[in-house]
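Working notes, beginning with the structure itself.
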Amino acid sequence: MTRKEIVAAASRYSVTTAKGATQSSTQGDQVRAWGFYRTPEVRSFANWIGNAMSGAQLYAGRATAGADIERVPDDH
């Protein structure tokens, strides 16, 4: 039996301005995202997706040849 592992990583990107100062590139994206969220249609859709995803049940499993998911044992 081969063992498969999931590995995740994250990194923070920064942007150097013309004056040489370093600033986070995510700050402008966050401001823009909150601007979109203030729009009633976007906020309604985001809340709908969030509510749908909150009902999801996550579990570890393996893909089988028939495109089914075989759940791994709880003690794995």
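The values are calculated or read from the model by the stated rules, or taken from the named source; none is laboratory data. Quick caveat: nothing in here was measured; it's all calculated off a predicted structure. Backbone-built Cβ (ideal geometry, glycine too); neighbour counts: all protein chains shown. The area values use the complete protein model at the heavy-atom level, side chains included, leaving out ligands, DNA and RNA. Shrake-Rupley method; radii C 1.70, N 1.55, O 1.52, S 1.80 Å.
The table that follows gives values for the structure above.
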{"read-out": "Subset of segment 34-65 (residues that are in a loop (DSSP other than H, G, I, E, B) and either open to solvent by 60 Å² or more (accessible area, probe 1.4 Å) or not small (Gly, Ala, Ser) (or both))", "value": "Arg38, Thr39, Gly55, Gln57, Leu58, Tyr59, Ala60, Thr64, Ala65"}
{"read-out": "Residues (modelled with pLDDT under 80, over 16 Å from the mean Cα position of the chain (by Cα) and among the hydroxyl-bearing types (Ser, Thr, Tyr)) located in segment 16-58", "value": "Thr16, Thr17, Thr22, Ser24, Ser25"}
{"read-out": "Tyr13 vs. criteria aromatic (Phe, Trp, Tyr), modelled with pLDDT of 65 or more and in contact with a helix residue (DSSP H, G or I) (Cβ under 8 Å, 6 or more places away or on another chain)", "value": "no"}
